[in-house]
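Below is one structure, written out as structure tokens; the observations come after it.
Every number here is computed from the coordinates shown, using simple stated rules; none is lab data. These figures come from a predicted structure and were not determined experimentally. We place every Cβ from the backbone using ideal geometry, glycine too, and count neighbours over all the protein chains shown.
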Amino acid sequence: MPPLSVFVPTLRSLIAGRSPALSIVVAFHDMRREAQRTLFSLTTRYQRDVREGDYEVIAVDSHSSSPLDGAWVEGLQRNFRYRYVRARAPTPNEAMNAGLRMARADRVCCMIDGARIPSPGMVAG
């Protein structure tokens with residue numbers, strides 16, 4: 001497999017100043033602490049070899065009794081967006097579908113259950 005640096009210019013060239021090359025949709029339900037950690041791990045302060053314009057993060061709160069603070073989520077970086085979904089069923093389906101409808105990139109990464117810490121090179125890869 002080629003070194004990671006080979007993929008970075010390709011990723012940047014795909015966006016050409018408009019849409020991100022990758023949309024990351026993360027669905028949460030009643031996990032504020034874990035969500036904060038996961039979302040931080042998706043910032044450029046944690047991820048390597050990417051810039052804010054290369055990707056977007058869509059955090060979707062699936063009917064949590066104590067929802068995430070949307071202003072905090074969107075304040076992490078300019079490429080972060082937040083949406084609260086009143087789900088009719090106790091599954092992540094409605095939240096994930098709402099996030100996918102918001103996605104602007106042709107490539108999408110779906111993360112169900114926000115208790116994940118992706119490795120620092122995941123977004124670039």
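Counting only alpha carbon atoms, the long axis of helix 32-41 and the longest principal axis of the chain meet at about 10°. A crude spin-label estimate for the pair residue 101 and residue 72, with each label 7 Å from Cα along the Cβ direction, gives 2.7 nm.
For the chain, the mean residue ellipticity at 222 nm estimated from helices alone is -9000 deg cm²/dmol, where every DSSP H run of n ≥ 4 contributes -39500 (n - 2.57) and the total is divided by all residues, rounded to the nearest 500. Over the Cα atoms of the chain, the radius of gyration divided by the Kirkwood radius equals 0.97; this is the Rg/Rh ratio. Roughly how tilted is helix 4-15, in degrees to the nearest 10 and between 0 and 90, from the longest Cα axis of the chain? For helix 4-15, the angle is close to 70 degrees. Working from label points 7 Å from Cα in the Cα-to-Cβ sense, the residue 89 to residue 43 distance is 3.6 nm. Electrostatic bookkeeping for residue 28 treats Lys and Arg as +1 and Asp and Glu as -1; over the other residues with beta carbon under 9 Å from its beta carbon, the sum is -3.
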